[in-house]
């Protein structure tokens, strides 16, 4: 590239420039899947842990015709990926005569706002080895981690667990963009990192249809070459994200609403099951409509992210001013006070005696943020 942007990115990742393909961010995931024309065709499938980013339906399915088979994760373990859930999804695909080509993960997760553990990543790698399939790790939010535990890339775990000559090395691919970490979504700069030269080569060819402009390359090359600035920028971003997230959690707690304990991303996974008239997706949709109309907040219902449990919502906190957030939380408090007085009791009699903010299923306390007083 004209100003060595690719090498600067590779240096920042401490990786080989020859293993990186760069292209317009809008086309990054589509380009990645096109790189799998050696193995992504109609009648084949990718496994995705739920809940997941709704845009994957478009990016994966529309261009290639491949199917998405959900890996169902539940609130009982904080929506973590388990070996049994992986196997169940794989067998479900086979039941429908689908050939599984790979697993696509987002780490940190969108919409959960959590980083994957080394245990999860290890399970995933050994699963891919056993099934002889690919792993695509979307790490676009890796620089937004603002609390412990720290971010761990799947490549780090692979380096620790797998021999360099193992075939899995050519089947692990990382998708990344500068949009979230540097706050430059309009620049449309994305990249693919892979040991598989066929994938990198395909991405490089695809970049001809989505070039990063010379002006953008020049500006970003100068920005990334200033190591002191980028380090301070990332630290300040993490500090502000943590502060804003804590304000959101505090405001929701005052409204009697709990959140999944998160450490990354620009959003929280919020538990509003106790506000549903019934534990159904129809009731979730009705609650979402009421929040949009009566509170004036545009949040995402969990069903749009293919969550298997009704009553969860994604709430973004980084796209508004602190004053706007305060107004939003005051409105939510008024809404919940009114809504709780009119919610009909559910058929789950085992939890009626619990405080109103406690969820309807067994939860692990270390995975949740709520008020226990």
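The values are calculated or read from the model by the stated rules, or taken from the named source; none is laboratory data. Please read all numbers here as calculations on a predicted model, not as lab measurements. Cβ placement follows ideal geometry from the backbone for every residue including glycine, while neighbour counts extend to all protein chains displayed.
For residue 53, the conditions (1) modelled with pLDDT of 60 or more; (2) over 24 Å from residue 267 (Cβ atoms) all hold with the exception of (2).
Within the stretch 119-136, if we keep just the residues that are touching a residue at least 40 places away in the same chain (Cβ under 8 Å) and part of a helix (DSSP H, G or I), the residue that is farthest from residue 259 (Cα to Cα) turns out to be 131. Consider the stretch 202-226 and keep the residues that are outside any helix (DSSP H, G or I) and in contact with a strand residue (DSSP E or B) (Cβ under 8 Å, 6 or more places away or on another chain). The one that is surrounded by the most Cβ atoms within 10 Å (Cβ to Cβ) is 212. Close Cβ contacts (under 8 Å, 6 or more residues apart or on different chains) running from residues in the stretch 222-246 that are over 15 Å from residue 180 (Cβ atoms) to residues that are modelled with pLDDT of 90 or more and not in a helix (DSSP H, G or I) comprise 239/146; 242/146; 242/147. With respect to residue 128, is the statement that it is over 30 Å from residue 236 (Cβ atoms), over 13 Å from the mean Cα position of the chain (by Cα) and surrounded by 18 or more Cβ atoms within 10 Å (Cβ to Cβ) true? Spelling it out, residue 128 is indeed over 30 Å from residue 236 (Cβ atoms), over 13 Å from the mean Cα position of the chain (by Cα) and surrounded by 18 or more Cβ atoms within 10 Å (Cβ to Cβ).
Taken over the stretch 92-116, the criterion of being over 14 Å from the mean Cα position of the chain (by Cα) and without any contact (Cβ under 8 Å) to a residue 60 or more places away in the chain is satisfied by 92, 93, 94, 95, 96, 97, 98, 99, 100.
Yes or no, residue by residue, for (1) surrounded by fewer than 16 Cβ atoms within 10 Å (Cβ to Cβ); (2) touching a strand residue (DSSP E or B) at 6+ places or on another chain (Cβ under 6 Å); (3) more than 30 Å from residue 57 (Cβ to Cβ):
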site	(1), (2), (3)
302	no, yes, no
311	no, no, no
315	no, yes, no
320	yes, no, no
330	yes, no, yes
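Against the list (1) assigned to a loop (DSSP other than H, G, I, E, B); (2) at pLDDT below 95, the condition residue 294 fails is (1).
Would you confirm, using the coordinates I've provided, whether residue 296 is surrounded by fewer than 18 Cβ atoms within 10 Å (Cβ to Cβ), outside the structural domain of residue 55 (by TED's automatic domain parsing) and over 14 Å from residue 312 (Cα atoms)? Answer is yes for this residue. Within the stretch 227-275, the set of residues being part of a loop (DSSP other than H, G, I, E, B) and either outside the structural domain of residue 307 (by TED's automatic domain parsing) or under 25 Å from the mean Cα position of the chain (by Cα) (or both) comprises 257, 261, 262, 263, 264, 265, 266, 272. One residue alone among 60, 86, 112 is in a helix (DSSP H, G or I) and modelled with pLDDT of 95 or more, and that residue is 86.
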